[in-house]
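The values are calculated or read from the model by the stated rules, or taken from the named source; none is laboratory data. Computed from a predicted model, the values in this text were never measured in an experiment. Cβ placement follows ideal geometry from the backbone for every residue including glycine, while neighbour counts extend to all protein chains displayed.
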Amino acid sequence: MTFMSDNNSTVNMDGALGEVVIVMDTSDDTRERMEGYLAHKWGLTDNLPPGHRYKSTAPSVFQPGSGSIFRFR
């Protein structure tokens, strides 16, 4: 697979695509929430750094006013 990177160059990937995440913004808050969501979903919370706000608790399913909805399946 070939992907377009942030600097408009192409990046080749050798592997399987497990999930696609689309976010509406790139704020630090959204990034941390997505890290927490994915870490809890895939059982990778030990990989989050110490002090990460979602290391021990997954982010809430909906944050009012943020436009973000996360669903755990």
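Miscellaneous remarks
- Top-ranked residue in region 31-73 [being among the β-branched types (Val, Ile, Thr) and at pLDDT below 85; ranked as farthest from Glu19 (Cα to Cα)]: Val61
- Residue satisfying all of: in region 1-30; among the charged types (D, E, K, R) and surrounded by 10 or more Cβ atoms within 10 Å (Cβ to Cβ); modelled with the lowest pLDDT among these: Asp25
- Residue count for region 1-29, restricted to those that are closer than 26 Å to Tyr54 by Cβ, without any contact (Cβ under 8 Å) to a residue 12 or more places away in the chain, charged (D, E, K, R) and in a loop (DSSP other than H, G, I, E, B): 2
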